[in-house]
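**Student:** My structure is below; once you've seen it, I'll send some questions.
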Amino acid sequence: MTTRPNAIDTYITKAADIQNKIAQLQQQANEHFGHNPDVIHWGHVGDLNRVQELLDQILEITILNKKLNVAGK
């Protein structure tokens with residue numbers, strides 16, 4: 001017999017995975033994203049710009065969801 005996960009089980013699993021990735025990202029940030037601060041160049045800045053853009057997109061999604069949930073109550 002095959003059981004299919006329900007939405008809340010999958011949601012909890014994905015939320016835990018996201019929390020883990022956030023912790024990994026914080027650790028990378030604490031370690032200068034693996035770069036030696038004495039040899040930072042514009043390529044590294046470009047990489048961080050891309051990361052920042054993606055994080056902004058993620059925050060837009062979560063903020064929009066929160067606003068929709070508050071408005072829907």
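The values are calculated or read from the model by the stated rules, or taken from the named source; none is laboratory data. This structure is a prediction, so every number in the text was calculated from the model and none was measured. Cβ: placed from backbone, ideal geometry, glycine included. Neighbour counts: every protein chain shown.
**Student:** Scan region 26-39 and report the pairs whose first residue is without any contact (Cβ under 8 Å) to a residue 40 or more places away in the chain and in a loop (DSSP other than H, G, I, E, B) and whose second residue is surrounded by 10 or more Cβ atoms within 10 Å (Cβ to Cβ) and not hydrophobic (A, V, I, L, M, F, W, C), with Cβ atoms within less than 6 Å and a gap of 6+ or a chain change.
**Tutor:** As it stands, the answer is HIS35/HIS44, since those pairs meet every condition given.
**Student:** I've got another one for you. Checking the structure you have, find out if any residue of region 59-70 is modelled with pLDDT of 95 or more, within 11 Å of the chain's Cα centre (by Cα) and assigned to a helix (DSSP H, G or I).
**Tutor:** no
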